[in-house]
Amino acid sequence: MSTLMDQVNPELLRTYAFWSVILVLKMLLMSLFTTLTRFRKMAFINPEDVKSISPKLKPKFDDPDVERVRRAHRNDLENILPFFVVAFLYLLTNPNPWLATQLIRAGAIGRIIHSLVYAVVPVPQPARLFSFGITLLVTAFMIVQCIVYFK
């Protein structure tokens, strides 16, 4: 009896696993970057954090640099998690290996560039829009392919 995983091309699964791990690492680094930005700007929101650093500090909720990093991280959570699910389901459709590899790479690289131009070294629009759009278009393409295949 074959399983669902028997239908997945092993090389595509390796590609998916590699880029998924890279994206998880990127999201973890965004958490660390938020923390580092909070320390650099001395912008902590929890009273116990503020008191442990200096009794003179007050909670700060609106530092623009911290908020930019937090928004970029939240955007990752809103877009990378659906990408993981859809890309995995797309692998079950027996896609063209070359195309699937390029789509997975493009989606992941789009998210990495998005974080770079949004939070690390802010670049004026449309850089963020283009990098966001890459992963959005890749995910949308995979969604359509899954709908057609699984209908």
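The values are calculated or read from the model by the stated rules, or taken from the named source; none is laboratory data. Remember, predicted model here, so these are calculated numbers, not experimental data. All Cβ positions, glycine included, derive from the backbone under ideal geometry; neighbour counts span all protein chains shown. Only protein heavy atoms, including side chains, enter the accessible area calculation; ligands, DNA and RNA are left aside. Shrake-Rupley method; radii C 1.70, N 1.55, O 1.52, S 1.80 Å.
Which condition breaks for residue 34 when tested against (1) of a type in the set (Ser, Thr, Tyr); (2) closer than 30 Å to residue 100 by Cβ; (3) under 23 Å from the mean Cα position of the chain (by Cα)? Only one criterion in (1) of a type in the set (Ser, Thr, Tyr); (2) closer than 30 Å to residue 100 by Cβ; (3) under 23 Å from the mean Cα position of the chain (by Cα) is unmet by residue 34, namely (2).
A quick yes/no check of all residues on (1) open to solvent by 20 Å² or more (accessible area, probe 1.4 Å); (2) within 25 Å of residue 6 (Cβ to Cβ); (3) modelled with pLDDT of 95 or more:
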{"position": "60", "(1), (2), (3)": "yes, no, no"}
{"position": "84", "(1), (2), (3)": "yes, yes, yes"}
{"position": "95", "(1), (2), (3)": "no, yes, yes"}
{"position": "103", "(1), (2), (3)": "yes, yes, yes"}
{"position": "106", "(1), (2), (3)": "yes, no, yes"}
{"position": "109", "(1), (2), (3)": "yes, no, yes"}
{"position": "131", "(1), (2), (3)": "no, no, yes"}
{"position": "134", "(1), (2), (3)": "yes, no, yes"}
{"position": "151", "(1), (2), (3)": "yes, yes, no"}
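On the basis of being in a loop (DSSP other than H, G, I, E, B) and free of Cβ contacts under 8 Å to residues at least 12 places away in the same chain, does residue 85 make the cut? Against the criterion (in a loop (DSSP other than H, G, I, E, B) and free of Cβ contacts under 8 Å to residues at least 12 places away in the same chain), residue 85 does not qualify.
Conditions (1) open to solvent by 60 Å² or more (accessible area, probe 1.4 Å); (2) outside any loop (DSSP other than H, G, I, E, B), marked per residue:
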residue	(1), (2)
13	no, yes
21	yes, yes
28	yes, yes
31	no, yes
39	yes, yes
51	yes, yes
57	no, no
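Would you check if residue 115 is crowded, with 21+ Cβ neighbours inside 10 Å, out of contact with any strand residue (DSSP E or B) (no Cβ under 6 Å at 6 or more places or on another chain) and in contact (Cβ under 8 Å) with a residue 24 or more places away in the chain? Here the answer is yes, as residue 115 does meet what is asked. Each residue in region 69-82 was checked for being open to solvent by 70 Å² or more (accessible area, probe 1.4 Å) and in contact with a helix residue (DSSP H, G or I) (Cβ under 8 Å, 6 or more places away or on another chain), and 3 pass. Please tell me if residue 65 is open to solvent by less than 30 Å² (accessible area, probe 1.4 Å), charged (D, E, K, R) and assigned to a helix (DSSP H, G or I). Against the criterion (open to solvent by less than 30 Å² (accessible area, probe 1.4 Å), charged (D, E, K, R) and assigned to a helix (DSSP H, G or I)), residue 65 does not qualify.
Considering the conditions (1) in contact (Cβ under 8 Å) with a residue 40 or more places away in the chain; (2) surrounded by fewer than 20 Cβ atoms within 10 Å (Cβ to Cβ), residue 142 is excluded by exactly one of them, (2).
Within region 19-56, the residues that satisfy the criterion of being more than 25 Å from residue 74 (Cβ to Cβ) and not basic (Lys, Arg) are 52, 54, 55.
Over 20 Å from residue 22 (Cβ atoms) and part of a helix (DSSP H, G or I): which single residue out of 134, 113, 147 fits that description? Even if it seems obvious, please write down each step before you answer.
Details: 134 fails: over 20 Å from residue 22 (Cβ atoms); 113 fails: over 20 Å from residue 22 (Cβ atoms).
Within the list 134, 113, 147, the selection yields 147.
Could you tell me whether region 41-52 includes any residue that is among the aromatic types (Phe, Trp, Tyr) and over 30 Å from residue 92 (Cβ atoms)? Yes; the residues of region 41-52 include at least one that is among the aromatic types (Phe, Trp, Tyr) and over 30 Å from residue 92 (Cβ atoms).
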